[in-house]
1. Can you find a residue in segment 587-605 that is within 20 Å of residue 510 (Cα to Cα), crowded, with 19+ Cβ neighbours inside 10 Å and free of Cβ contacts under 8 Å to residues at least 60 places away in the same chain?
2. Quick one: is residue 573 surrounded by fewer than 18 Cβ atoms within 10 Å (Cβ to Cβ) and acidic (Asp, Glu)?
3. Only residues that are exposed (fewer than 13 other Cβ atoms within 10 Å of the Cβ), assigned to a loop (DSSP other than H, G, I, E, B) and free of Cβ contacts under 8 Å to residues at least 60 places away in the same chain: list them for segment 1-25, please.
4. Do you know which of the residues in segment 379-392 that are hydrophobic (A, V, I, L, M, F, W, C) and assigned to a helix (DSSP H, G or I) is modelled with the lowest pLDDT?
5. Counting residues that are in contact with a Cys (Cβ under 6 Å, 6 or more places away or on another chain), which strands (runs of 3 or more DSSP E) fully inside segment 498-581 reach at least 2?
6. Regarding residue 482, is this residue touching a Cys at 6+ places or on another chain (Cβ under 8 Å), at pLDDT 90 or above and crowded, with 17+ Cβ neighbours inside 10 Å?
7. With farther than 18 Å from residue 151 by Cα and out of contact with any Gly (no Cβ under 6 Å at 6 or more places or on another chain) as the only criterion, which of 19, 41 stands out?
8. Condition (residue is within 41 Å of the chain's Cα centre (by Cα), surrounded by 15 or more Cβ atoms within 10 Å (Cβ to Cβ), among the β-branched types (Val, Ile, Thr) and assigned by TED's automatic domain parsing to the domain that holds residue 553) applied to segment 647-669: is it met by at least one residue?
Amino acid sequence: MSQLFITCAPAMEALLVDELALLDIPAKPGHGGVKADATLENAYRICLWSRLASRVLWPLIEGPAETADDIYALASQVLWPSHFSVNKRFAVDFTGASREIRHTQFGAMKIKDAIVDVFREERGQRPEVDVKEADIRVHAHLGKRGLAIYLDLVGKPLHQRGYRTQAGAAPLKESLAAAILYKLGWHKDNGLDYLVDPMCGSGTLVIEAALIRGKRAPGLKRSFAFENWSHHDSSIWAQELTAAIDAAVPIESHFFGFDSDKRVIEKARNNAKAAGVGRALTFETQPLKNLGEKPGERGLILCNPPYGERLGDMAEVLYLYRELGVKARQFMGWRLGVYTGSPESLRQLKLLKSNQWQLNNGALEAVLASYELDERQGEAPREAPAEVVQSALSGPVEAYANRLKKNIKALEKWAKREGIEAYRLYDADLPEYNAAVDRYGDCIVIQEYAPPKTIEPEKAARRLQDLIVATVAVTGVKADNIAVKTRARQSGSNQYEKLESRHKYMWVEEYGVRCRVNLFDYLDSGLFLDHRLTRKWVGEQAKGKRFLNLFCYTGTATLHAAKGGALTTTSVDMSRTYLDWAAENLRGNGFKGREHQLAQANVLDWLNRSQEKFDLVFLDPPTFSNSKRMEASFDVQRDHVELLDAVSYVLSPGAVVIFSNNKRHFKLDNAAVEEMGFQIEDVSRATLPEDFKRNPHIHVCFKLVFAPRD
C-alpha cells in the first residue's frame, strides 16, 4: 500500500474524490490533486478509469531539502536501476521552490544528475534523457515540508485518451469536458436520455458524454509509462483491462452534435469513430438558428459557445447567446449547461440560472452555468427568429431601439438621395446608451464612449451589451458584420492606433467617390464621416487648382479634389501606412500619375522646405499628437497659429485654406490669424452633415482666404 498523489486541474479536486469513491478508492483533496492510500491494482484502475485526473504519482522518497546539495543527496538515495533499465529514456518534471532553488529547471537538473550518477555507480553506464518522448517520467515537488519524489505512472497526461486525432481551433481538454458533465449530473441522472450540443466543434463534450453513459474506460485506447517500470505487474494489468472491457454497456441514449462549420463536424465524426462510439452519435452541419424542436422528453443541452476574446467579435457572440436562450425555451423539461469564458454574456440568455461553478480552462477563467428549463423560464417561442428580435428589444433598451428605428427612418432616404453609403445612425442620443453607431454599407460600427467614472463598470458593460444586441435586431445587419470599439470623445491621435489585424477592407461611396475603409483593425475606419460636406466642398472648389492636403490621413479629401478637376494634388502625412492607404484610394478611383503626389513627412518640416505654391488647402490636424517621428508634441489649440503661419508661405494670393479640427471648445486666435493676411469665415455649421446635426460640436471648421497685405 502506497500513498498516491493524483493530480488534476484546480477546482476539480472534490469531483476527483467523488470519482475515486466510485472506484472504491478513498481519497482526500489537496491542492492541485488528491491523496489516496492505494495498491498497485488501485493505481492501475485509476489510470484506466479516471476521467478527471491528469497524472498518477507513485511515491519513491520524501525528505527535508532546502539546497541543491540536499536535493541531489535525497534523489541519490533511490535505487534507480531497480525502477527502470539503462536502455529506457527518462525525463524529470520539477515543481515548487525554496530560498535557494528558484528555477524548476535547476531543480530538475540536480535530480537528473543524481539519477545518472546512481546508474553509473550501479551499472557502469547511464540512461538517456528525452524530455519529449520519455519512457519513464520522474516527478518532484519541493515545498515547505521538503522534497517529494514520485514515479509518474501515466506518461502523457490522462486527458489524452487517444481518440482525439483532430481538434478544432480551441478544443476543450477531455478531462475538462468530463468535469463539466459531472457537475451537471450526467453520470448520475440516467433519466437524461438525450444530449444535444448545438455548437459542438470537434465533438469532445458529446464523445465524453457517450463514453460515460456507455461505461467505457477512458484509458483503454492508450499506453502508459508504468509499462516501462520494472515493478509493473502485467498479470494485474491484464485483469484490469479485461474487467474494463466487460464493464462496457450498450449506449442507449441519443447524442447529437451540431456546428455551422462542416470541417469541424468531419473532425468530430473521425474522433467519435476513433473513440469507438461513432455509431452511437449523430454529427451534422447546422447553424444554431436552425436548431429544431427537442427530440425527446428529457435531456441535456450542453455547449461551449465562442468566448469573443476580441472586442470586435462582441456583437456576433452576444447575439449568439441571445439566440441560444431563445432556442433553449423550445426544450422544456430539459437541462441546459453553458460553459463559457465570458460569464457576462450569460445574461443575454434571459434565463433563470440554477447554479454556477468556477471551472477554469487552463489559465483562462471560465464558468459553468446550469439552467432547469421549466415553467419558470417562460413559454417556448413558436417562431424563434422573431423571438430573438423581440427579446433583444425588450426592457430598458427599448428606448434605444425606438430611437435607432426613428433615426434610420429619417436618414436612409436622405443617404440614398445624397449618394452616400457611410453615415451616422446614432450618437449618444440617450445618455444611458453612450455610443456612436455608424453604417458602412452592409456593416455597422459601434463605438462606445468611455463611460463617466460615476457609472459602475458592470452597469456600463450591461448597457453596451444590450445596445449591441438591439442594434443587430433593429438593423438586420449580420452580427459578424458589426465592429465594436471603445473610445473617448477626445481621441487625439488615438484614431491611428491599431486594434486588430483582420485586413478586412471594403469600399463605400460618397458623392461619386469610392473610399476604402477598414472597420475592424483601427479605432477609426479611414473615413471621417463628419467631414463629408467639407470634402464635397473641396471637390466643388478644386477645378484648375493646385491642391494641398496636410495631415492627409487616408487621402479622402484628395479624392474629391481630384474628381473635381484639381490641376495637381499633394498629400502629406507622417504615416507610411496611411499614405499607402491613400495611394490605394487614388488607384481605386482611377487617379494616377505625377500630378498626384504623396509625401511622408512631418507637416511643419515639409512646409518649411517646400518651394511650391498652392491655391486650395485642406488642413485637418489631430487634436493632439506625440508621434515618435516628431521632435515635440503637437497640440492644435497651442500650435495652430504657428501651423497656419507656416502654411501661409506656400499659398498663392487668394488661396483658400479649409482649416478644421475636432477639439471641443477650440478657439481660433482671430487676431493672430488675421495679422498673417487671412480673412476668416466660421463655416462649422455649414459643414455639419445631416447625420451629425444632433451633435453640433463634433468639429469646428474655418474658411480662410489668403489676402496678403502689400
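1. Checking segment 587-605: at least one residue is within 20 Å of residue 510 (Cα to Cα), crowded, with 19+ Cβ neighbours inside 10 Å and free of Cβ contacts under 8 Å to residues at least 60 places away in the same chain.
2. Details: surrounded by fewer than 18 Cβ atoms within 10 Å (Cβ to Cβ): no; acidic (Asp, Glu): yes.
Considered against the rule, which asks whether it is surrounded by fewer than 18 Cβ atoms within 10 Å (Cβ to Cβ) and acidic (Asp, Glu), residue 573 comes out as no.
3. Passing the criteria: 1, 24.
4. Initially, segment 379-392 is screened for residues hydrophobic (A, V, I, L, M, F, W, C), giving 380, 384, 386, 388-389, 392.
Now restrict to residues that are assigned to a helix (DSSP H, G or I): 384, 386, 388-389, 392.
On the way: 384: 55, 386: 64, 388: 65, 389: 66, 392: 70.
The qualifying residue modelled with the lowest pLDDT is 384.
5. Numbers: elements: 505-510, 513-518, 546-550, 568-573.
Answer list for segment 498-581: 568-573.
6. Working: touching a Cys at 6+ places or on another chain (Cβ under 8 Å): yes; at pLDDT 90 or above: yes; crowded, with 17+ Cβ neighbours inside 10 Å: yes.
Against the criterion (touching a Cys at 6+ places or on another chain (Cβ under 8 Å), at pLDDT 90 or above and crowded, with 17+ Cβ neighbours inside 10 Å), residue 482 qualifies.
7. Details: 41 fails: farther than 18 Å from residue 151 by Cα.
Testing whether each residue is farther than 18 Å from residue 151 by Cα and out of contact with any Gly (no Cβ under 6 Å at 6 or more places or on another chain) leaves just 19.
8. Quick first cut of segment 647-669, residues within 41 Å of the chain's Cα centre (by Cα) only: 659-666.
Applying the additional criterion that residues be surrounded by 15 or more Cβ atoms within 10 Å (Cβ to Cβ) yields 659-663, 666.
Subsequent filtering for residues that are among the β-branched types (Val, Ile, Thr) retains none.
There is no residue in segment 647-669 that is within 41 Å of the chain's Cα centre (by Cα), surrounded by 15 or more Cβ atoms within 10 Å (Cβ to Cβ), among the β-branched types (Val, Ile, Thr) and assigned by TED's automatic domain parsing to the domain that holds residue 553.
The values are calculated or read from the model by the stated rules, or taken from the named source; none is laboratory data. All of these numbers come straight from a predicted model, not from anything done at the bench. Neighbour counts run over all protein chains shown; Cβ positions are idealised from the backbone, glycine included.
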